[in-house]
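Have a look at the structure below before the remarks.
The values are calculated or read from the model by the stated rules, or taken from the named source; none is laboratory data. Quick caveat, the model's predicted, so the values are computed rather than measured. Please note: Cβ atoms are built from the backbone with ideal geometry, for glycine as well, and neighbour counts cover all protein chains shown. Calculation scope for accessible area: heavy atoms of the full protein, side chains included, ligands and nucleic acids excluded. Shrake-Rupley method; radii C 1.70, N 1.55, O 1.52, S 1.80 Å.
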Amino acid sequence: MLLLRLDKEAQTPLYAQVINQIKEMVENNVLKPGTKLPSTRTMAEMLGVNRSTIYNAYQELWAQGYLESRPGSYSRIRKRYKMATLDRKQKRGSIKWNEISSVGSQKIYHEFLSFRPEKNESSKSDIINLAQLDMDDRLFPVEDFRRSLNHIMVSKGSKILGYGEYQGYRPLRKTIADRLQLHGISATADEILITNGSQNGIELILKMLSVPARKIAIEAPTYSILLPLLKYYQSQLIAIPMKKDGMDIDSLTKFLQQEPISFLYTIPNFQNPTGITSTQSHREKLLTLCERYNIPIVEDGFEEEMKYFGKVPPPIKSMDKKNICIYLGTFSKVLFPGIRIGWIAAERECIHRLLAIKRFSDLTSNYVLQAAINEFCQQGYYDLHIKRMHRIFRKRMQTALDAMRFYLTDLNVSWSQPSGGYLIWLQIKNCEVDDEKMMDIFEKNGVIVSPGKYYFHQCIKNHYFRMSISKLDEKEIIEGVKRLGHAIRKIKAFERE
């Protein structure tokens with residue numbers, strides 16, 4: 001006889017209690033396959049509940065494969081696979097993912113496993129993290145954004161909760177086009193595509209322009225997260241060395257004289273990782289060269305708004321009369337990265353082709369957040385936030401450079417002198433200690449940095465590393481540089497042993 005005990009005072013609905021108890025009996029082999037269950041009427045009378053309660057329970061058990069029934073006959077326990085609970089799952093599945101994964105995914109997986117900065121987002125509270133290019137959450141304009149989001153939800157309601165325009169929220173595209181004018185870029189809302197951050201923009205461009213037979217020109221060093229993505233698409237690369245004024249134009253010219261390339265990727269302002277800002281004459285030469293060979297320029301303006309040390313040359317896109325430049329922008333590196341809102345500015349046909357790719361991959365970007373960001377900008381909060389960020393990071397960067405002169409001057413270390421942004425590029429000269437040992441010494445001395453090898457396409461001999469001040473205040477920066485100096489002295493001592 002089937003014995004069920006229902007608790008009519010419990011929060012769990014009665015029909016759910018019936019389901020759970022019968023399932024437990026089946027899983028524990030108390031109810032065996034073929035066992036006949038009482039009719040819904042009989043079961044309801046036995047338990048003192050409404051017949052619909054039992055009917056709903058039986059229907060759900062049938063849907064989950066525990067019962068089989070035919071019209072006019074009793075329900076019976078069905079033989080089914082047991083639930084794959086955690087204690088029943090194999091520790092290792094039967095699929096050999098390493099054998100069936102694509103070549104590109106294998107490459108990017110190995111990069112992911114070896115990516116030290118991910119492992120070193122240290123849980124130790126006493127570690128000063130100079131590696132991470134993330135934003136200081138103490139500076140987030142949370143209340144202003146909350147007001148903007150609330151206003152959108154009240155004023156737009158259900159109208160803003162659908163997919164929306166695949167190209168992005170038109171008012172935001174108009175706002176971005178207006179802001180680009182401040183940087184000398186002429187663009188309309190129809191020449192803007194909203195993306196899930198600039199990383200999504202880079203991938204869309206790769207999907208459109210990456211051709212196996214043609215190489216892609218990048219700076220050396222360059223944005224570290226770009227390199228694994230290029231490996232995933234099995235792109236052939238030509239790494240052009242960085243000089244003090246930007247990408248080495250002579251090296252690029254020599255290569256272009258030999259073979260064509262798919263496109264060129266560059267970060268003219270506060271380059272990641274070097275912090276270098278290319279000169280106006282350099283930008284003109286680069287644009288002229290690419291126009292001559294009809295090569296698309298992908299210009300990454302991820303820190304365009306962080307021009308806090310004075311006048312910086314306008315973007316290459318501002319001089320782009322022939323529409324060969326695809327410009328990438330983002331709110332992540334000045335506002336907050338969690339919203340994942342970026343954009344691409346390019347001529348209309350290029351935008352439409354990128355939109356087609358986006359439409360059939362991730363459909364669209366978060367429409368509610370796009371509307372909230374637009375409201376945030378329209379209320380003037382964004383301008384106020386940028387002014388605040390300029391004031392704060394002008395002081396923080398100057399503090400970092402002063403601390404480095406004080407603690408690192410006599411250690412045979414050189415570093416870049418950024419004109420904005422968050423990054424400083426350092427080199428320890430004449431050092432034979434390997435990178436892994438060097439990073440271990442840094443961490444043991446309470447500071448972590450980002451190893452230079454992650455920013456190069458090929459192995460390098462020199463010891464570079466990147467330092468980011470984006471998450472730290474002045475006190476933390478001074479202490480971090482102090483620890484850096486102490487660690488470099490330990491590295492020099494280790495080398496002499």
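Just need a number here: residues in segment 382-395 that are buried (at least 19 other Cβ atoms within 10 Å of the Cβ) and in contact with an Asp or Glu (Cβ under 7 Å, 6 or more places away or on another chain).
Going residue by residue through segment 382-395, those that are buried (at least 19 other Cβ atoms within 10 Å of the Cβ) are 382, 385, 389, 393.
Among the residues that remain, those that are also in contact with an Asp or Glu (Cβ under 7 Å, 6 or more places away or on another chain) are: none.
Count: 0.
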Quiz item: For segment 28-53, what are the residues that are among the small types (Gly, Ala, Ser), within 14 Å of Tyr74 (Cβ to Cβ) and under 55 Å from the mean Cα position of the chain (by Cα)?
Solution: Gly34
Practice problem: Considering only residues that are open to solvent by 60 Å² or more (accessible area, probe 1.4 Å) and hydrophobic (A, V, I, L, M, F, W, C), look in segment 474-494 and name the one that is farthest from Asp434 (Cα to Cα). | Solution: Ile478
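Does Gln271 fit the bill of being over 24 Å from Leu133 (Cα atoms) and in a loop (DSSP other than H, G, I, E, B)? Give the steps one after another, and end with the answer.
Numbers: over 24 Å from Leu133 (Cα atoms): no; in a loop (DSSP other than H, G, I, E, B): yes.
Here the answer is no, as Gln271 does not meet what is asked.
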Quiz prompt | Test result for Phe406, aromatic (Phe, Trp, Tyr) and either outside any helix (DSSP H, G or I) or surrounded by 14 or more Cβ atoms within 10 Å (Cβ to Cβ) (or both) | solution = no
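Take segment 290-333 and flag every residue that is hydroxyl-bearing (Ser, Thr, Tyr) and either within 21 Å of Asp190 (Cα to Cα) or assigned to a loop (DSSP other than H, G, I, E, B) (or both). It would help to see each step written out before you state the result.
Start the filter on segment 290-333 by keeping residues that are hydroxyl-bearing (Ser, Thr, Tyr), which leaves 293, 308, 318, 327, 330, 332.
Residues satisfying the conditions are Tyr308, Ser318, Tyr327, Thr330, Ser332.
Report whether or not Leu180 is modelled with pLDDT of 95 or more, more than 30 Å from Ala403 (Cα to Cα) and under 17 Å from the mean Cα position of the chain (by Cα). Talk me through it step by step, then tell me what you get.
Numbers: modelled with pLDDT of 95 or more: yes; more than 30 Å from Ala403 (Cα to Cα): yes; under 17 Å from the mean Cα position of the chain (by Cα): no.
Judged against the criteria, Leu180 is not a match.
Can you say whether Glu259 is surrounded by fewer than 20 Cβ atoms within 10 Å (Cβ to Cβ) and on the phi < 0 side of the Ramachandran plot, as far as the supplied structure shows? Walk me through it before giving the result.
Working: surrounded by fewer than 20 Cβ atoms within 10 Å (Cβ to Cβ): yes; on the phi < 0 side of the Ramachandran plot: yes.
Here the answer is yes, as Glu259 does meet what is asked.
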Quiz item: Mind checking whether some residue in segment 334-353 is open to solvent by 20 Å² or more (accessible area, probe 1.4 Å), of a type in the set (A, V, I, L, M) and assigned to a helix (DSSP H, G or I)?
Solution: no
Quiz prompt | Within segment 16-43, tally of residues that are in a helix (DSSP H, G or I) and either closer than 25 Å to Arg88 by Cβ or modelled with pLDDT of 95 or more (or both) | solution = 12
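Residue by residue through segment 138-160, note down the ones that are open to solvent by less than 60 Å² (accessible area, probe 1.4 Å) and under 23 Å from the mean Cα position of the chain (by Cα). Explain how you work it out, then say what you get.
Filtering segment 138-160 down to residues open to solvent by less than 60 Å² (accessible area, probe 1.4 Å) leaves 139-141, 144-145, 148-149, 152, 157, 160.
Once the filter is applied, which keeps residues that are open to solvent by less than 60 Å² (accessible area, probe 1.4 Å) and under 23 Å from the mean Cα position of the chain (by Cα), segment 138-160 yields Leu139, Phe140, Pro141, Phe145, Leu149.
Give the number of residues within segment 224-245 that are in a strand (DSSP E or B) and touching a residue at least 12 places away in the same chain (Cβ under 8 Å). I'd like the intermediate steps shown before the answer.
Just the residues of segment 224-245 that are in a strand (DSSP E or B), to begin with: 236-243.
The next check asks that each one be touching a residue at least 12 places away in the same chain (Cβ under 8 Å); those that pass are 236-242.
Total meeting the criteria: 7.
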Quiz item: Restricting segment 274-289 to residues that are part of a helix (DSSP H, G or I) and open to solvent by 30 Å² or more (accessible area, probe 1.4 Å), which is farthest from Met397 (Cα to Cα)?
Solution: Thr288
Quiz item: Which one is most open to solvent (accessible area, probe 1.4 Å) among residues in segment 189-233 that are farther than 20 Å from Gln458 by Cα and of a type in the set (D, E, K, R)?
Solution: Lys207
Practice problem: Filter segment 38-79 down to residues that are over 21 Å from Leu3 (Cβ atoms) and touching a residue at least 24 places away in the same chain (Cβ under 8 Å) and give me whichever is most open to solvent (accessible area, probe 1.4 Å). | Solution: Lys79
Practice problem: Give the residues of segment 290-330 that are open to solvent by less than 10 Å² (accessible area, probe 1.4 Å), at pLDDT 95 or above and among the aromatic types (Phe, Trp, Tyr), sorted by residue number. | Solution: Tyr327
Quiz item: Counting only residues that are in contact (Cβ under 8 Å) with a residue 60 or more places away in the chain and in a loop (DSSP other than H, G, I, E, B), which one in segment 362-381 is surrounded by the fewest Cβ atoms within 10 Å (Cβ to Cβ)?
Solution: Leu363
